[in-house]
Each structure stands twice: as structure tokens, then as C-alpha cells.
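What follows is one structure encoded as C-alpha cells, with my remarks underneath.
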Amino acid sequence: MKIANALTLTGSVLVAALFTACKADGESTGLEYSPQMYHSVAYEPLTQIQDESQGTWLSTREDGKGEFFNSNINNPHGMNMREPVENTVPRNKQGYLPYRLKTFELEQAALVKNPVPSSDEVLAQGEALYLQYCNACHGKGGEGDGKAGEVIGGVANLKGGAYVGLPEGHIFHVITKGKGRMGAHGSQIPAESRWKIVHYVKQVIQGQPVAAAAATTEEAQVTPAN
């Protein structure tokens with residue numbers, strides 16, 4: 001019994017000592033179990049770590065190489081990233097080209113047709129997106145009376161004047177690039193979601209009929225939609 005108690009006491013002391021040793025305190029950063037699980041080394045797209053021993057001071061991988069060796073040796077040019085095939089242009093999953101119109105190119109943007117077919121489901125999604133991103137300034141009914149709009153002033157009343165006649169491509173462009181006091185939302189809202197907001201603004205808020213059918217395949221090949 002005494003031996004068992006002694007072993008239990010010894011084990012408790014060792015466990016306590018272990019946890020104390022792992023604790024970060026003062027100048028000590030403590031110890032971590034499997035540090036590579038917490039501090040993964042990201043691939044650098046334009047360079048490669050070609051020395052397979054880099055990071056062996058930290059740990060070695062199952063293949064025996066250093067923890068920092070993270071290169072795809074099969075990629076050319078000393079880069080982890082593969083460049084697009086020569087003379088090709090990347091498209092999104094719907095097959096549309098990147099949206100490359102500049103902020104000031106509103107006239108060209110106005111010619112762009114909405115590639116997302118309208119439906120009750122799309123309008124419902126457009127409403128949810130509008131309330132999430134647009135309501136604060138433009139208000140629920142689009143009259144420029146949102147809480148933020150009341151503070152900053154000068155917010156467009158989407159139901160009034162020339163705004164009712166704006167083409168869908170114009171509205172999409174302004175959401176994407178911004179205009180006047182409105183900031184750009186292209187980095188916050190995916191392209192398809194922006195087009196759904198356009199449907200909601202035109203058909204529900206402005207009460208306009210559904211615009212011409214979605215862009216044909218030929219049009220989609222030259223229509224910016226990202």
C-alpha cells in the first residue's frame with residue numbers, strides 16, 4: 001500500500017511538473033505538443049524553399065524533411081504557384097470573364113445585361129442580400145432613409161427621379177466600384193449576389209418589369225460578371 005501511495009504521489013508530482021514546464025510565463029514561451037499543428041507553414045506563391053533541411057531544428061516530417069520545406073518541386077520557375085496557360089483568360093465557375101471595367105466606365109457598364117435569370121427564389125435571395133448590405137443607407141424601401149443614410153446624408157432614393165430608369169448594368173457597376181458617397185462593395189459581395197440585388201432593386205423596389213432575358217452564351221463570353 002505504501003509503495004502504491006508513493007507511486008501515486010510521484011506520478012502526481014511529475015504531472016504537475018510537466019504542466020508547469022509547459023506553461024508560458026515571463027520570458028518562457030512554454031512548450032507545445034506537435035507545434036506543426038498550431039503553426040503551419042504557408043506556401044509562398046512566388047518563391048520556393050528548396051533546402052529540404054530548413055526547419056529541422058523545429059521538427060522533421062514523416063518524409064524526413066525539415067518542417068519549413070514546403071515547396072512543390074514539380075512546379076517550374078522556382079514558384080509554388082502555376083501561371084495560367086499562355087494566351088488564356090481565367091473565368092469564374094459560371095464561365096464569365098473577370099470584371100475589368102473601371103470606376104468611370106459607367107456608359108459601358110450600362111450595356112451589361114444581368115446574367116442571372118430572375119425567379120421568385122432569386123428575388124427572395126436578393127431581398128435578403130439587400131437588407132444585409134444596402135438597408136443601412138438606402139432604407140428598407142430604397143428611399144435613402146436608412147439609419148446610416150440619415151447620418152451621412154446624400155444617399156440615393158432608388159424610387160425617385162432618374163434612378164428608376166437606370167440600367168441593370170449601371171446598378172451592378174455602382175455596387176461593384178462605388179460612386180460618390182457609396183463605397184465599392186465588389187470585395188464584399190460575390191458577383192452573383194450583386195446581380196440578385198439588382199433584380200430586387202429593379203423589380204421589387206422600383207416596380208420595373210423583368211429586363212431582357214439573361215445574356216446569351218455569346219454575350220456571356222464578353223460580358224464582365226465578376
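General observations
For (1) of a type in the set (D, E, K, R); (2) in a loop (DSSP other than H, G, I, E, B); (3) closer than 21 Å to HIS199 by Cα, each residue gets a yes or a no:
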| site | (1), (2), (3) |
| --- | --- |
| GLN48 | no, yes, no |
| ILE73 | no, yes, no |
| ARG82 | yes, yes, no |
| THR88 | no, yes, no |
| VAL112 | no, yes, yes |
| CYS137 | no, no, yes |
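- Residue within segment 67-87 that is open to solvent by less than 100 Å² (accessible area, probe 1.4 Å), at pLDDT 80 or above and of a type in the set (Val, Ile, Thr) present: no
- Number of the condition not met by GLU168 [criteria: (1) among the charged types (D, E, K, R); (2) under 25 Å from the mean Cα position of the chain (by Cα); (3) over 13 Å from TRP195 (Cα atoms)]: (3)
- The residues of segment 153-167 that are over 16 Å from PHE104 (Cα atoms) and surrounded by fewer than 21 Cβ atoms within 10 Å (Cβ to Cβ), listed by number, are GLY153, GLY154, ASN157, LYS159, GLY160, GLY161, ALA162, TYR163, VAL164, GLY165.
- Residues that are part of a helix (DSSP H, G or I) and farther than 17 Å from VAL204 by Cα within segment 143-161 comprise LYS147, ALA148, GLY149, GLU150, VAL151, ILE152, listed in sequence order.
- Within segment 188-200, residues that are closer than 13 Å to LEU158 by Cβ reach partners that are open to solvent by less than 10 Å² (accessible area, probe 1.4 Å) with beta carbons closer than 7 Å, at six or more positions or on different chains, in the pairs ILE197/GLY126; ILE197/TYR130; VAL198/ASN114; VAL198/PHE172; TYR200/GLY126; TYR200/TYR130.
- Segment 91-104, subset at pLDDT 80 or above and part of a loop (DSSP other than H, G, I, E, B), residue surrounded by the most Cβ atoms within 10 Å (Cβ to Cβ): TYR99
- Matching option when the condition is open to solvent by 40 Å² or more (accessible area, probe 1.4 Å), over 20 Å from LYS196 (Cα atoms) and in a helix (DSSP H, G or I), among GLU127, GLU121, GLU107: GLU107
The values are calculated or read from the model by the stated rules, or taken from the named source; none is laboratory data. Just so it is clear, the model here is predicted, and its values are computed rather than measured. Because the Cβ atoms are built from the backbone with ideal geometry, glycine has one as well, and the counts that use them run over all protein chains shown. To get the accessible areas, we keep the full protein, side chains included, count just its heavy atoms, and leave off ligands, DNA and RNA. Shrake-Rupley method; radii C 1.70, N 1.55, O 1.52, S 1.80 Å.
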